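Chemist: There's a structure below that I have some questions on.
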Amino acid sequence: MPDPGAYALLIVVAIAYLGGAVLVVAVLAKVLVAWSEGWRTRRAAEPVDQALEQRAAAAMAAVAERANVAAPATDVVAILGAPTGASERVVGDGGLAVTRFRAGHPAIVVFARAALTGLNCAAVQSLAAHELAHVIRRDRTSAAARYAWLLGYLVLVLAGAGLTVTALAAAPQLAGPAVLATMSAAVAFLGLRVAFDRREEIAADLFAVDLTRDLDAAAELMRFYEDNVARPLPDGGLGRAWARLERRWFATHPEPQARLAAMRRHLVDQAAD
């Protein structure tokens, strides 16, 4: 007669992997909805003022000249990503600017209109310098590369599921460790991805403040980001706790205050050397 403990363990494993599958499907659905909304928004968006396009190009040319590199192409759109849903927030969930890479094509830095209308000249140059860092470092921020980690995550979970099922059939006593190893590896995989993204953002911040030597402009940019891009914390206790957890552990961009503190420390350390 089969061991009842093995059946109980099999149920636990099935629930764990079913929960993981639901999470992955939810993430995919969110990505597809955001892409669809952003695509519709871009198609329906009114033309951007040519003066803003000139301002974006001038800001990028100024910081590229300081860095002694060729200025990348720039573009301006009414909104980046999908609308946030709040009328007082004039940007989308794509942020203030993004560097887009396509195989076989030069990088292009795309600015949101709100960044050019709401920031002063120095802050726009700080934003341009941040994106120039991504161009120079050739960070893989294309849509295909951005979600490639999801495929890796799925492969990891499926491999772990196969390992667990094999353990249940051949050696039930190893099924528990197999589940634990799979879940630990999945969490570590996601954690490394977030840590890599945050490291790239901080590196771009330090490059920008090195180039502009203007901490006040960086502070203005971080305040604008906090007010218009960062999601406000909900009022409810559970929702607020989850939002804080998401900001702390799952957001690809560090908190604006942490980014500004890193830039300030960088300038202080340079002055001390």
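Chemist: I'm checking my understanding of the structure. Among residues of segment 30-68 that are at pLDDT below 70 and open to solvent by less than 50 Å² (accessible area, probe 1.4 Å), which one is farthest from the chain's Cα centre (by Cα)?
Modeler: Ala45
Chemist: When you scan segment 69-76, do you find a residue that is more than 18 Å from Asp197 (Cβ to Cβ), crowded, with 19+ Cβ neighbours inside 10 Å and at pLDDT below 70, even just one?
Modeler: no
Chemist: Do we have Leu221 as of a type outside the set (Ser, Thr, Tyr), more than 20 Å from the chain's Cα centre (by Cα), surrounded by 13 or more Cβ atoms within 10 Å (Cβ to Cβ) and at pLDDT 70 or above here? Outline the logic, then answer.
Modeler: Values: of a type outside the set (Ser, Thr, Tyr): yes; more than 20 Å from the chain's Cα centre (by Cα): no; surrounded by 13 or more Cβ atoms within 10 Å (Cβ to Cβ): yes; at pLDDT 70 or above: yes.
Taking the combined requirement at face value, the residue does not satisfy it.
The values are calculated or read from the model by the stated rules, or taken from the named source; none is laboratory data. Every value quoted in this text rests on a predicted model; they were computed, and no experiment measured them. Glycine gets a Cβ as well: all are built from the backbone with ideal geometry, and neighbour counts include every protein chain shown. Only protein heavy atoms, including side chains, enter the accessible area calculation; ligands, DNA and RNA are left aside. Shrake-Rupley method; radii C 1.70, N 1.55, O 1.52, S 1.80 Å.
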